[in-house]
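Below you'll find the structure, written out as structure tokens, and then a few comments.
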Amino acid sequence: MISNQILQNTLDGLKGITRIDLCMIDTESKVCAATFPNPEDYSKAAEIFADSPADSQLMQGYQFFKVFDEHQLEYILLAKGDSEDVYMVGKMAVFQVQSLLVAYKERFDRDNFMKNLLLDNLLLVDIYNRSKRLHIDAEARRVVFLIETDRDKDGNDIEKVKGIYGNKSKDFVTAVDEKDIIVVKEVNEDELYEDLYKTAEVILDLFKSKDKKEIRISCGTIVTDIKDVSRSYKEARMALDVGRIFLPDHQIVAYSTLGIGRLIYQLPIPLCKMFIGEIFDGKSPDDFDDETLTTIYKFFENNLNVSETSRQLYIHRNTLVYRLDKLQKSTGLDLRVFEDAITFKIALMVVKYMKYMETMDY
């Protein structure tokens with residue numbers, strides 16, 4: 001259904017051109033839009049006219065017209081005056097509103113199609129048939145962005161995004177829950193993932209009025225077939241979750257940059273506990289003191305470079321070597337050996353993942 005604001009803008013525009021007052025009343029005798037005062041005085045007459053077989057009629061100094069949507073009565077249009085010119089303006093207004101009904105219905109159908117596509121609610125044959133009927137290119141390159149925000153009740157957040165992408169016939173802005181906004185964007189052949197990051201930054205800038213810490217954006221991989229759009233959506237969804245665990249300071253996370261984090265995220269908790277038990281002999285990395293943990297993270301941050309790590313920690317090289325030797329004695333892992341370092345790094349990530357899943361259970 002067309003919003004009353006759209007109807008009001010349409011009638012205001014027509015009056016501005018023709019200087020003829022107009023009014024729109026729905027099938028429940030409620031005034032939707034009008035360009036003259038006290039339009040409700042004609043609600044009863046509109047109700048009587050709606051029950052008549054005529055498509056147009058002159059009553060109380062107004063031309064009454066019926067506005068149909070595929071043979072279903074939607075509105076009663078009033079045009080002030082009894083001349084032929086007023087009649088012609090009324091017919092033009094009816095045509096304009098009926099065209100709007102068709103356009104908004106197609107827009108609704110496209111949005112409904114995209115929601116079902118994202119949620120895997122369509123058979124493969126239906127995907128191609130409906131995309132063809134709705135004039136949606138099935139072979140375009142697309143990617144899904146997911147915007148996590150505490151959306152306001154009046155819908156301003158999603159309208160901000162639609163202001164950039166929603167008016168483009170090739171892009172879609174929709175939502176499947178109360179929290180996230182989804183952008184299905186068509187991308188050019190020469191666009192790379194670096195360009196997608198810039199797109200995410202543009203979206204992030206739309207929410208300058210909000211605390212930016214509340215906003216997180218993720219994107220899936222680029223797909224070339226419309227049936228794979230749901231896969232890109234699932235990847236974007238995973239990127240949000242994995243980013244929340246392993247990249248908490250990143251507001252923009254791409255599925256393609258998750259690395260080993262997305263593998264750990266799919267591990268069952270019992271297997272994670274078994275792995276940690278084997279590596280640390282029943283202990284946990286949480287048992288290490290802050291000094292040891294700081295040393296470990298800084299050592300990884302500097303790609304296992306002893307000299308650079310000791311410099312950034314403001315300690316002597318021998319002190320760092322002593323700490324690494326001490327860690328090796330307690331865990332059996334020498335972080336200066338690449339294989340041991342990888343094992344330790346994965347173990348730290350697994351523990352972080354387990355902690356996150358524990359909080360989700362409460």
Can you check how the C-alpha radius of gyration of region 1-143 compares to 2.2 N^0.38 Å, as a plain ratio?
1.30
Leaving out same-chain residues fewer than 8 places away, which lysines sit with a Cα under 30 Å from that of LYS44?
LYS15, LYS30, LYS66, LYS80, LYS91, LYS105
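Given axes a ≥ b ≥ c from the Cα gyration tensor, I'd like to know whether region 200-290 is rounded (a/c under 1.5), prolate (a/b larger than b/c) or oblate.
Because a/c hits 1.5 or more and a/b fails to exceed b/c, region 200-290 counts as oblate.
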Restricting things to alpha carbons, tell me how big region 274-362 is in terms of Rg and Dmax, in Å.
13.7, 45
Counting other Cβ atoms within 10 Å, keep those with at most 10, restrict to DSSP loop, and tell me which GluC sites (Glu not before Pro) in region 95-200 are left.
GLU139, GLU178, GLU189
So with the 1.4 Å probe, I'd like the accessible area per residue for the chain, rounded to whole Å².
56 Å²
Calculated on alpha-carbon atoms, Rg and Dmax of the chain in Å
30.7, 100
Is the shape of region 232-335 rounded, prolate or oblate, going by the alpha carbon gyration tensor and its root eigenvalues a ≥ b ≥ c, with a/c under 1.5 for rounded and a/b larger than b/c for prolate?
oblate
Using a Cα-Cα cut-off of under 30 Å, which lysines could be cross-linked to LYS352, ignoring same-chain neighbours fewer than 8 residues away?
LYS179, LYS198, LYS210, LYS212, LYS213, LYS234, LYS273, LYS283, LYS298, LYS326, LYS329
CD proxy at 222 nm, helix term only [per DSSP H run n ≥ 4: -39500 (n - 2.57); per residue of the chain; nearest 500]
-16000 deg cm²/dmol
Please identify the trypsin sites (Lys or Arg not before Pro) of region 333-362 that satisfy two criteria: DSSP loop assignment and at most 16 other Cβ atoms within 10 Å. Which are they?
ARG336
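Can you pull a Stokes-Einstein diffusion coefficient for region 136-280 at 37 °C (0.692 mPa s), Rh from Kirkwood over Cα pairs, as a whole number of µm²/s?
On the way: Rh = 16.1 Å.
D = 203 µm²/s.
On alpha carbon coordinates alone, what is the Rg over Rh value for region 18-64, Rh being the Kirkwood radius?
My calculation puts Rg/Rh at 0.93.
The values are calculated or read from the model by the stated rules, or taken from the named source; none is laboratory data. Here the structure is a predicted model, which is why all the values come from computation and not from measurement. Note that each Cβ is placed from the backbone with ideal geometry, even for glycine, and that neighbours are counted across all protein chains shown. Note: accessible area is taken over every heavy atom of the protein model, side chains too, but ligands, DNA and RNA are not part of it. Shrake-Rupley method; radii C 1.70, N 1.55, O 1.52, S 1.80 Å.
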